[in-house]
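For reference, the structure is listed below as structure tokens.
The values are calculated or read from the model by the stated rules, or taken from the named source; none is laboratory data. Note that this is a predicted model, so its numbers are computed, not measured. Cβ atoms come from the backbone with ideal geometry, glycine included; neighbour counts cover every protein chain shown.
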Amino acid sequence: MSLNIDLDYIKSILKTLLSDHRYDHSLRVSHEACLLAQHYHVDMDKVSLAGLIHDAAKEIDVFNSHLAFTDDHIVIYKNYPAVGHAFALDVVIPSYFGSFPDDVIQAAMWHTSGKENMTDSEKIVFIADFIEPQRAYPQRLEVSKLAYESLEKAVFEIASFKLHHLLNDRKSIYSKLVDCYNFYNYIK
């Protein structure tokens, strides 16, 4: 499916929302998502766009913003600061970029925690964010190879890594990450 979206326009807006470092990361995630989508015969336009916008809310201060964030957004930001930006995309995307297909926004939204029973597009963006070449995770190369064998196995390994990291740092864990880990533990 071809999206009728001006990517140059999207990129120009994204550059105003993100630091150069975060913008370049978004370009790399988009590229990795395209490669995985091509491998798995998933809509490349949609996952590319989801990868591009996945961090659009990363540097927005929800506590001092003109955007209409809900109390639920604020609670997630306070309790789970590492994932809050993902769940603010439902406000940020329409406010800055206009209308996108819901499955594109959903694929971008689940890039931090994952969840149970993700679509292939959601899995791809979740994985692409972890394996983009500038990530310094020791498991990055192993998970990158695994991603081309099985999306489900790669999702499980990333969820496991994230859980261990959060537990070791004694940080709050968003329940959907636990759901993701449990779900993909049984089907990997």
Out of segment 161-178, which residues are under 16 Å from N79 (Cβ atoms) and in contact with a Lys or Arg (Cβ under 9 Å, 6 or more places away or on another chain)?
I173, K176, L177
Provide a single number: the residues in segment 147-188 that are crowded, with 16+ Cβ neighbours inside 10 Å, within 19 Å of A33 (Cα to Cα) and of a type in the set (F, W, Y).
1
Filter segment 78-97 down to the residues that are in a helix (DSSP H, G or I) and more than 27 Å from N4 (Cβ to Cβ), then identify the one that is nearest to the chain's Cα centre (by Cα).
G84
Evaluate the following for F126: is it among the hydrophobic types (A, V, I, L, M, F, W, C), under 24 Å from K46 (Cβ atoms), within 15 Å of the chain's Cα centre (by Cα) and surrounded by 15 or more Cβ atoms within 10 Å (Cβ to Cβ)?
yes
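Hey, could you check segment 98-145 for residues that are without any contact (Cβ under 8 Å) to a residue 12 or more places away in the chain and part of a loop (DSSP other than H, G, I, E, B) and say which is nearest to F156 (Cα to Cα)?
So, considering only residues that are without any contact (Cβ under 8 Å) to a residue 12 or more places away in the chain and part of a loop (DSSP other than H, G, I, E, B), the one nearest to F156 (Cα to Cα) is P138.
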L67 hydrophobic (A, V, I, L, M, F, W, C) and either in contact with a Phe, Trp or Tyr (Cβ under 7 Å, 6 or more places away or on another chain) or not in a loop (DSSP other than H, G, I, E, B) (or both):
no
What are the pairs with Cβ atoms under 9 angstrom where one residue, in segment 44-67, is on the phi < 0 side of the Ramachandran plot and touching a residue at least 60 places away in the same chain (Cβ under 8 Å) and the other, located anywhere, is assigned to a loop (DSSP other than H, G, I, E, B) and acidic (D, E)? Sequence gap at least six, or different chains.
G51/E132
Residues K188, K162, K171: which one is at pLDDT below 95, closer than 21 Å to Y80 by Cβ and not hydroxyl-bearing (S, T, Y)?
K171
In this structure, is F126 at pLDDT 95 or above, farther than 30 Å from A68 by Cβ and not β-branched (V, I, T)?
no
Selection status of Y184, touching an Asp or Glu at 6+ places or on another chain (Cβ under 7 Å) and of a type in the set (F, W, Y):
yes
